[in-house]
Amino acid sequence: MGSRSWQITTMMVIFFEIFFLLTDGARDASFGVNYNVTWGRDRILFFKRGLEVQLSLDHLSGSGFASKAYFGSGLFQMKIKLPDKDSSGVVTAFYVLTITLNAFVNYFLQKGYPKRPMQVVVSLWDGSAWATDGGQTKANWSNEPFKARFQDFNIDGCPSTPTASNMDCYSSRYWWNHKNYLQLDQRQLKAYEDARKAYMNYDYCTDRARDASFDENYNVTWGRDRILFFKRGHEVQLSLDHLSGSGFASKAYFGSGLFQMKIKLPDKDSAGVVTAFYVLTKTLNNNKLKHDVPIRVLKKNRLKGIGYPKRAMQVVVSLWDGSDWATDGGQSKANWSNEPFQAHFQDFNIDGCPSIPTVPNKDCYSSRYWWNRKNYRQLNQRQLKAYEDARKVYMNYDYCTDRGRYPIPHPECTE
């Protein structure tokens, strides 16, 4: 994975497309003009009055930096010299980060992106668990420290802010938004393909086996002091005691998609304790607890007012006290002598169509997404059996049958 030569890595981010190319750089800016150190400060060295930066990685920590400003569009480039030792499992990353999407932009083309302000991020870190041969080839720490060097810190971009997109960034006043830059020409396309063949050892777009880490798709929403992270964010523990529970939710909203998670329920007598995994909209809160099988099926029936989902959905997970109603209609309370109750969660992948709460993305209902195709409109026999078995074994409460709390059932409960 190493290379002793400098490579000029460029990201041109425009309103219509994102692409990666190799090009000649203009006069170099020094590091401090556009960038700040974000982590691993003691593993970063500066040379040539800030015109060259070295990131280091050892078995304890890596290092990284990011742009001071956010941008709506622009040209982001950097000369990168990869570690010159055997660096299997070591990730040298140069990408843009938005509030809702963390994307290695130099790996793919995507129409319509970006919609939110972006920050340029650079880092050197340990990806032994997945980066080389699907995690089979680990970082060889006898070669530590691994060192990568960076030059050319120019940014030619349209400034924006994380909270409010600058729509002017998509106008033709910026040269990268002109018609002749809406797609790669033949020379650029060949350089793009050659670069991928020569330097690209991993593409997250084709990695179907890797579980996403928690912070790629989720944020803590409450009870932060009752949440623990394990396996570098690939496992999360929520805790509940008599004072408070805890929970988290997806960073983004979705119009449709596949939302799944591995859940290990509390191993003590947990009567009255609710472990919830569901999707939430502005007007509808439907529990869809999944244990690697479907547990609730909502059939669309607009005549009965069941047009679900009509609005953008957020994935929500929580552990909380439902003593008043959850078990035996509230007869069995939580036994606080067993506190804290702890539930574990893994597999934070989300395969969904992004949307926003105020304006639903109608494209989310199209057949371009596999879950909207005809063969997924109902459960097959195997899924139906798993669904029925799971409800019998794991389901202690169903809001559709709770007439005490809901004298008038929700529309979907009449199906």
* Asked: How about region 76-96: which of its residues are in contact with a helix residue (DSSP H, G or I) (Cβ under 6 Å, 6 or more places away or on another chain), farther than 13 Å from Pro145 by Cα and surrounded by fewer than 21 Cβ atoms within 10 Å (Cβ to Cβ)?
  -> Tyr95
* Residues of region 126-154 being buried (at least 20 other Cβ atoms within 10 Å of the Cβ) and hydrophobic (A, V, I, L, M, F, W, C), which ones? -> Ala131, Ala139, Phe146, Ala148, Phe150, Phe153
* Structure fact -> Over region 396-415, the set of residues under 16 Å from Ala276 (Cβ atoms) and either part of a loop (DSSP other than H, G, I, E, B) or not assigned by TED's automatic domain parsing to the domain that holds Ser270 (or both) is Asn396, Tyr397, Asp398, Asp402, Arg405
* **Whichever residue in region 397-408 is out of contact with any helix residue (DSSP H, G or I) (no Cβ under 6 Å at 6 or more places or on another chain) and surrounded by 13 or more Cβ atoms within 10 Å (Cβ to Cβ) and, among such residues, is modelled with the lowest pLDDT** => Tyr397
* Asked: Taking the condition part of a helix (DSSP H, G or I) and either touching a residue at least 24 places away in the same chain (Cβ under 8 Å) or within 30 Å of Leu319 (Cα to Cα) (or both), does Ala195 pass?
  -> yes
* Asked: Ala164: in a loop (DSSP other than H, G, I, E, B), within 20 Å of Leu82 (Cα to Cα), of a type in the set (A, V, I, L, M) and modelled with pLDDT under 90, yes or no?
  -> no
* Asked: How about region 131-144: which of its residues are touching a Gly at 6+ places or on another chain (Cβ under 9 Å), at pLDDT below 80 and in a loop (DSSP other than H, G, I, E, B)?
  -> Ala131, Thr132, Thr137
* Just one of the numbered conditions (1) free of Cβ contacts under 8 Å to residues at least 60 places away in the same chain; (2) surrounded by 12 or more Cβ atoms within 10 Å (Cβ to Cβ) is not true of Pro354; which one? -> (1)
* Kindly establish whether Ser270 is surrounded by 20 or more Cβ atoms within 10 Å (Cβ to Cβ), out of contact with any Gly (no Cβ under 6 Å at 6 or more places or on another chain), small (Gly, Ala, Ser) and at pLDDT 85 or above. => no
* Hey, does region 239-253 have a residue that's within 30 Å of Ser332 (Cβ to Cβ), in contact with a Leu (Cβ under 8 Å, 6 or more places away or on another chain) and in a helix (DSSP H, G or I)? -> no
* To do: Output the number of the condition that Tyr376 fails; it satisfies all remaining conditions of (1) more than 21 Å from Asp351 (Cα to Cα); (2) surrounded by 12 or more Cβ atoms within 10 Å (Cβ to Cβ); (3) not charged (D, E, K, R).
  => (1)
* Failed criterion for Gln342 (all others in (1) at pLDDT below 85; (2) assigned to a strand (DSSP E or B) hold) -> (1)
* Where Lys147 falls short, out of the listed (1) of a type in the set (D, E, K, R); (2) part of a helix (DSSP H, G or I); (3) closer than 22 Å to Gly64 by Cβ -> (2)
* Asked: Counting only residues that are under 20 Å from Asn338 (Cα atoms) and without any contact (Cβ under 8 Å) to a residue 60 or more places away in the chain, which one in region 224-250 is farthest from the chain's Cα centre (by Cα)?
  -> Leu243
* The listed residue being basic (Lys, Arg), assigned by TED's automatic domain parsing to the domain that holds Met395 and buried (at least 18 other Cβ atoms within 10 Å of the Cβ), out of Arg226, Arg232 -> Arg226
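Which strands (runs of 3 or more DSSP E) sit wholly inside region 1-107 and have at least 2 residues that are at pLDDT below 55?
Values: elements: 7-13, 18-21, 35-39, 44-47, 52-57, 63-67, 70-81, 90-97.
Result: 7-13, 18-21.
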* Of the residues that make up region 145-153, is at least one more than 30 Å from Phe47 (Cβ to Cβ) and either of a type in the set (A, V, I, L, M, F, W, C) or in contact with a Gly (Cβ under 6 Å, 6 or more places away or on another chain) (or both)? -> no
* Taking Gly112 and the conditions (1) modelled with pLDDT of 75 or more; (2) of a type outside the set (S, T, N, Q); (3) surrounded by fewer than 16 Cβ atoms within 10 Å (Cβ to Cβ), which numbered condition does it fall short on, given that it satisfies the others? -> (1)
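So that you can scan it fast, the table gives a plain yes or no per residue for (1) without any contact (Cβ under 8 Å) to a residue 24 or more places away in the chain; (2) closer than 15 Å to Gly257 by Cα; (3) under 20 Å from the mean Cα position of the chain (by Cα):
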position: Lys333; (1), (2), (3): no, no, no
position: Pro340; (1), (2), (3): no, no, no
position: Ile350; (1), (2), (3): no, yes, yes
position: Cys364; (1), (2), (3): no, yes, yes
position: Tyr369; (1), (2), (3): no, yes, yes
position: Asn372; (1), (2), (3): no, yes, no
position: Lys385; (1), (2), (3): yes, no, no
position: Ala390; (1), (2), (3): no, no, no
position: Tyr394; (1), (2), (3): no, no, no
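The values are calculated or read from the model by the stated rules, or taken from the named source; none is laboratory data. On a predicted model such as this, the values are computed, not experimentally measured, just so you know. Note that each Cβ is placed from the backbone with ideal geometry, even for glycine, and that neighbours are counted across all protein chains shown.
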